[in-house]
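The values are calculated or read from the model by the stated rules, or taken from the named source; none is laboratory data. On a predicted model such as this, the values are computed, not experimentally measured, just so you know. All Cβ positions, even for glycine, are placed from backbone atoms using ideal geometry, and neighbour counts span all protein chains on display.
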Amino acid sequence: MPAKTAAPDTTDRPPRAGWSARRIALAAVSAVIVVWLAIKASEDLRQFVVVSLNGITLAALFFVVASGFTLIFGLMRVVNMAHGSLYLLGGYLALEMQDAWFKDETGLGLSLTGSGTEYDLLGWVVPLILATLIIGVVGVIVQQVFLRWNQGQDLRQALITIALSVIFADQMLAAFGGISKDIKAPTDWPESISLPGDVRFGFFRGVVVLGAAVLIGLGLWWLMTRTRFGKIVRAGVDDRDMVSALGINVQLVFAAAFFLGALLAGLGGVLGGTMIALGPGEDTSFLLNSLIVVIIGGMGSLGGAAIGALALGLVDAYADVYLVFGGTDLTNYSILVTFGLLVVVLAVRPLGLFGRPA
Amino acid sequence: MTPSTGRTSWPALVVVVGLAALAPLVLTDFFVSVILTKSLWLGIAAASLIFLSAYGGMVSLAQVGIYGVAGMAFANLVAADGGSAAEWAPWPATVAAIVIAVAVGLVFGAIAARSVGIYFLMITLAFSVLVFYFFSQVTQLSGFGGVNNVDLPSLVGEPGQDPVPLYYTTLVVAVLVFVALRYASRTAFGLALQGLRDEPARMRALGFNVTRHRILAFGLAAFVAALAGVLSVWYNRRITPGSINLAQTIDVLIIAVVGGLYRLEGAWVGALTYALIDNYSREWTPTVGNVLGPERFNTILGVVFLVIVLLSPGGLVGLWERGRELFDKRRRGPPGSVATPAPAGATGDAPN
């Protein structure tokens, strides 16, 4: 019995058929979603703007973290399951430094934040830079000690990083406790900004995180397309053996890519620790987010990571607010919408939107 | 890399099951319940993972998600504190829970089956974590402190007072699962599955529907995982979202890897090891500052896992087999050309 449909597999591209049933269904689903959002937006435009901004800023954070994940995978085929741990560790390290060196007691606790401690700009930027660099170095150590000698055994490498993530999670629980904490943004930064249409939005979320993500995105784009390093990395993604045969020290490039990838996780941790919070479970949460982002966008593609992060962030934000139908509140089923996003993308493109066969 | 198409060693199986059947006569109730019963149902969960990995080449992390669905479905369908407490009789609820979990498993399989290798692992991991978040959010189904005091079938009695009936029930299910999966691997279906694992392109050329075959295998594994899920609720008498989180997903993976991803019996070897470490490591663990101590069970588990993955990709079973090979070789003198291939190792991927 011959397989009737050209069995779609990861090795061949999806058939470019015309209006198949699947495409019609997809178009119908997206039309329903757009109409639904349009109705909601017309009901309360201000809320819609805030929710959208929430989604976009969340997406910005997802992008910072997932871009490191996808960079490492793209070059080395290493699925770094400890990426979430590096994220959380980066946040905790910055928090410890901020607490230890920059706690500036104002004495009477009269400041507006009510906590009685103030942090200047340095008290946020120095921990950010140091923690980020340390995480980069931790990443390189992990790569050199545990992953360098078993290059190509991708399952084994995934298992090793899972083992590391278990140890990291437990040790962080021991060292930093189980209570959620957050990193304080500099006290003299404004709490929020005003946007046209009488919308107020958090300054840190809307300006710092979004700005950082855009800068990082542009920086990575420049690095990948305009520098020798990027050229080597892109060549390595396509054909590692050829690159090393041309006399390029691939091991050095791998270490550099791992440094950069881990560094982005640490940076994400500091941003996320300031924007949301740090606690046990955040590592899982950001590992999942990174996974979904790269599954949607396609492993190894930076553009895919951006699109995937945007899709995930917006879907999360809208589903958290707009899943109310008349009197029935279904917002706590919002995770199903995320699942649906994953299903739809994988049904159309098993390798993600921008994924290419290995 | 052809793991374990070999014959089942029936005498060995009979001896092991016989010893297990006699265990309650010799051992304390505590040991029977906390070590043996727990290893048996954890082993069933791990066996579903190993089945997919050994015969289908698919390392699925969705198994805990599926067993969570089965457990939650059962706990919600029977009388219990929390959840929707539909107050069905336990047996219909068991059947319904398994059907629901297999249906969910088939959906997961249908989505993931077109991916292979590490992509498959990531997608199934995402499924498992999504199931966890789903049940944490939907308190109508998971209660606020989990679903407690779940009604059990009279067959297992009151495991809190007398753990022996539940032990025998779990033992019977575990043996049936083992025999059935071994049998399935040698049917035409199982042989084709192993063909897909090694040479998907050739199998497709032969006319096999690769994706559908993978989905069916995933459904079979989902059935086994569902059994483990229901048994876990019978064992704990409760289920919480926290008991099906990422940590549990990883624990089942650890059990499978420690036992050996390439042999079904490894599931129970790994589960027993896990349960023993779980219980006794707290007593002898020295306290080293904040880093090590009775509280730091997960660190010990992680280190054991790491060491096994680093040293022996075939797990404990692989280690034993390698030792036996060495012994055989020495006894027979210099090896001929029939050197058995080393345990396939965790090289789950085709060379790029």
Which of the residues belonging to region B:194-247 are surrounded by fewer than 24 Cβ atoms within 10 Å (Cβ to Cβ) and of a type in the set (D, E, K, R)?
B:R197, B:D198, B:E199, B:R202, B:R204, B:R212, B:R237, B:R238
Apart from one, (1) within 21 Å of the chain's Cα centre (by Cα); (2) within 14 Å of B:I66 (Cα to Cα); (3) at the interface with chain A (Cβ under 10 Å from one of its Cβ atoms) all hold for B:V116; the odd one out is (2)
Within 11 Å of another protein chain (Cβ to nearest Cβ), touching a residue at least 12 places away in the same chain (Cβ under 8 Å), part of a helix (DSSP H, G or I) and of a type in the set (V, I, T) - does that describe any residue in region A:297-307?
no
Name the residue that is farthest from the other protein chains (Cβ to nearest Cβ), counting only residues in region A:345-358 that are assigned to a helix (DSSP H, G or I) and surrounded by fewer than 17 Cβ atoms within 10 Å (Cβ to Cβ).
A:V348
Out of the residues in region B:314-333 that are out of contact with any helix residue (DSSP H, G or I) (no Cβ under 6 Å at 6 or more places or on another chain) and within 14 Å of chain A (Cβ to nearest Cβ), state the one that is farthest from B:L253 (Cα to Cα).
B:G318
Please specify each residue of region A:95-115 satisfying the condition of being out of contact with any Ser or Thr (no Cβ under 8 Å at 6 or more places or on another chain) and at pLDDT 55 or above.
A:L95, A:E96, A:M97, A:Q98, A:D99, A:A100, A:W101, A:F102
Failed criterion for B:R204 (all others in (1) farther than 20 Å from B:V95 by Cβ; (2) under 22 Å from the mean Cα position of the chain (by Cα); (3) of a type outside the set (S, T, Y) hold)
(2)
Identify the single condition in (1) over 19 Å from the mean Cα position of the chain (by Cα); (2) buried (at least 17 other Cβ atoms within 10 Å of the Cβ); (3) more than 10 Å from chain B (Cβ to nearest Cβ) that A:V324 does not satisfy, given that it satisfies every other one.
(2)
Return yes when A:I248 is at negative phi and within 14 Å of another protein chain (Cβ to nearest Cβ) and no when it is not.
no
Scanning region B:164-180 for residues that are under 13 Å from B:L13 (Cβ atoms) and of a type outside the set (G, A, S) gives B:L171, B:V175, B:L176, B:V177, B:F178, B:V179
Taking region B:30-62 and keeping residues touching a residue at least 12 places away in the same chain (Cβ under 8 Å) and closer than 15 Å to B:L276 by Cα leaves B:V32, B:S33, B:V34, B:I35, B:L36, B:T37, B:K38, B:S39, B:L40, B:W41, B:L42, B:G43
Quick one: which residue in B:Q63, B:Q140 is away from chain A (no Cβ under 12 Å) and of a type in the set (S, T, N, Q)?
B:Q63
In region A:331-358, what residues are over 22 Å from A:A28 (Cα atoms) and among the hydrophobic types (A, V, I, L, M, F, W, C)?
A:L351, A:F354, A:A358
State whether one or more residues within region A:77-88 are polar (S, T, N, Q) and at pLDDT 85 or above.
yes
Please go through region A:151-191 and pick out each residue that is loosely packed, with under 15 Cβ neighbours inside 10 Å, over 16 Å from A:L278 (Cα atoms) and either within 14 Å of another protein chain (Cβ to nearest Cβ) or touching a Gly at 6+ places or on another chain (Cβ under 8 Å) (or both).
A:G152, A:E191
Wholly within region B:2-100, helices (runs of 4 or more DSSP H) carrying at least 1 residues that are more than 18 Å from the chain's Cα centre (by Cα) and farther than 18 Å from B:V179 by Cβ:
B:10-26, B:63-77
